[in-house]
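Undergrad: Below: one structure in structure tokens.
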């Protein structure tokens, strides 16, 4: 039985060592969620007022520059630029997607670790310790869920923007490719007339 008691003590020690990293992680995630919310609000306002995001405008200009250069394999060069822009857009959502999962995980850890100390306080008859640890436990749950909800809502909206922007860029590239093909088709006719 003594071996099991030692393992229990080891688990309790490991959990006690994790309490600070978990709580600091929740604070960091909370700051990240609030900053992300501010960035999202600015992007939403920009899209709403101008009808187009600045990065989309830059990507359209890049596609146009590629088409104007009129080098060979225009379709491949346009496709490469489209894929590069799409990868960049999806990659920008990676941290938010991680926050959606990390928030509840850290919140749960931040709940369970103080609960062990709260139960110990209850067993010892130390009601102030019980109350303090219970408050910490429930606050960690709420903060973890808040981070997850904020990150999820921002991610959902931005995924919609990414799909819309990628579709707009694909149409723009197709339009440029057709213009290039029409221009290429009319050049031989003009040279034959001369």
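The values are calculated or read from the model by the stated rules, or taken from the named source; none is laboratory data. Fair warning: this is a prediction, and the values are worked out from it, not measured in the lab. Cβ placement follows ideal geometry from the backbone for every residue including glycine, while neighbour counts extend to all protein chains displayed.
Undergrad: Determine if the range 44-54 includes at least one residue that is within 30 Å of residue 132 (Cβ to Cβ) and either surrounded by fewer than 14 Cβ atoms within 10 Å (Cβ to Cβ) or touching a helix residue (DSSP H, G or I) at 6+ places or on another chain (Cβ under 8 Å) (or both).
TA: no
Undergrad: Being crowded, with 16+ Cβ neighbours inside 10 Å, at pLDDT below 95, touching a helix residue (DSSP H, G or I) at 6+ places or on another chain (Cβ under 9 Å) and more than 30 Å from residue 16 (Cβ to Cβ) is true for just one of 79, 86. Which residue is that?
TA: The conditions single out 86.
Undergrad: Read through the list (1) surrounded by fewer than 14 Cβ atoms within 10 Å (Cβ to Cβ); (2) in contact (Cβ under 8 Å) with a residue 12 or more places away in the chain; (3) more than 30 Å from residue 63 (Cβ to Cβ), then give the number of the only condition that residue 179 fails.
TA: (3)
Undergrad: Taking the range 129-163 as the search range and keeping residues that are over 21 Å from residue 31 (Cα atoms) and loosely packed, with under 14 Cβ neighbours inside 10 Å, which one is farthest from the chain's Cα centre (by Cα)?
TA: Looking at residues that are over 21 Å from residue 31 (Cα atoms) and loosely packed, with under 14 Cβ neighbours inside 10 Å, I get 131.
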